[in-house]
Amino acid sequence: MRITLVHALKHSILPIEASFAKLWPEARLMNLLDDSLSADLARDGRLTDAMTGRFLIIGRYAASTGADGILFTCSAFGPCIEAVAGEQAPMPVLKPNEAMIEQAAKSQRVGLLSSFPPTLASMPREFPASVELVPKLAEGALAALDRGDRAEHDRLVVAAAKDLRDCDIIALAQYSMAPAAEQVAQATGKPVLTTPDSAVMKLKAMLGA
């Protein structure tokens with residue numbers, strides 16, 4: 001199976017590749033990176049028709065290469081990804097967080113920890129109304145990662161996670177946060193879900209691999 005991975009942040013590549021290596025090593029991966037997507041969203045402050053058009057072009061390109069499935073790895077572009085899914089059906093096209101949300105929704109009170117502010121504007125509405133969501137921003141974590149300081153990123157993520165200790169489960173919104181999952185679990189004593197692991201398992205099941 002050939003899976004196209006579409007990234008709006010370069011930091012997402014290593015975590016999702018690690019999850020595939022662990023959970024579905026037979027898959028053939030193709031990485032597409034356009035980090036101007038996240039920069040332009042931060043600049044505009046909202047998803048535009050032009051942004052949706054860019055996503056549709058990416059989806060068509062991925063399909064033209066013979067992809068069996070597409071996985072987007074940046075969590076702030078839900079409606080754009082839904083447009084791609086509609087156009088490329090029945091090919092599986094996954095939003096980065098939908099598999100994790102399905103798992104998290106089995107809990108009543110979910111701590112949603114993000115390092116990218118637009119995610120906390122777009123992602124909560126993807127959860128069922130029955131879930132009590134506690135959003136939390138790990139301020140400065142993404143900037144630390146941009147500087148190449150993974151240790152500082154993880155420290156800030158763990159520090160922010162401590163405010164979510166009264167939740168049933170903690171969901172890490174960004175793929176780039178996944179390497180900190182074990183530290184978050186140790187610091188909070190709570191189960192931790194990561195987007196890449198959940199996404200790989202769902203995609204593998206959808207494609208019957």
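Observations
- A121 vs. criteria closer than 23 Å to S176 by Cβ and either at pLDDT 95 or above or touching a helix residue (DSSP H, G or I) at 6+ places or on another chain (Cβ under 9 Å) (or both): no
- Complete set of residues in region 68-82 that are of a type in the set (D, E) and either within 19 Å of A209 (Cβ to Cβ) or open to solvent by less than 10 Å² (accessible area, probe 1.4 Å) (or both): D68
- Selected residue [of a type in the set (A, V, I, L, M), part of a strand (DSSP E or B) and at pLDDT 95 or above] from L156, L113: L113
- Annotation note: of E82, E102, the sole residue that is under 20 Å from S198 (Cβ atoms), in contact (Cβ under 8 Å) with a residue 24 or more places away in the chain, charged (D, E, K, R) and assigned to a helix (DSSP H, G or I) is E102.
- Of residues in region 180-209 being in a helix (DSSP H, G or I), under 21 Å from P25 (Cβ atoms) and of a type in the set (G, A, S), the one farthest from the chain's Cα centre (by Cα): A205
- Extreme residue, most open to solvent (accessible area, probe 1.4 Å), among residues of region 155-170 that are β-branched (V, I, T) and touching a residue at least 60 places away in the same chain (Cβ under 8 Å): I169
- Selection of region 13-57 for residues being in a loop (DSSP other than H, G, I, E, B), under 19 Å from Y175 (Cα atoms) and modelled with pLDDT of 95 or more yields W24, P25, A27, D34.
- Per-region count, region 1-30, residues open to solvent by 60 Å² or more (accessible area, probe 1.4 Å) and either polar (S, T, N, Q) or more than 19 Å from A180 (Cα to Cα) (or both): 6
- Of all the listed residues (A185, A138, A144), the sole one being within 20 Å of M123 (Cα to Cα) and open to solvent by less than 40 Å² (accessible area, probe 1.4 Å) is A138.
- When we screen A62, A85 for residues that are among the aliphatic types (A, V, I, L, M) and either in contact with an Asp or Glu (Cβ under 7 Å, 6 or more places away or on another chain) or open to solvent by 10 Å² or more (accessible area, probe 1.4 Å) (or both), the only hit is A85.
The values are calculated or read from the model by the stated rules, or taken from the named source; none is laboratory data. Just so it is clear, the structure is predicted and the values come from calculations on it, not from any experiment. Counting neighbours? That spans all protein chains shown, and the Cβs are built from the backbone with ideal geometry, glycine included. Remember, those area values only see protein heavy atoms, side chains included, never the ligands or the DNA or RNA. Shrake-Rupley method; radii C 1.70, N 1.55, O 1.52, S 1.80 Å.
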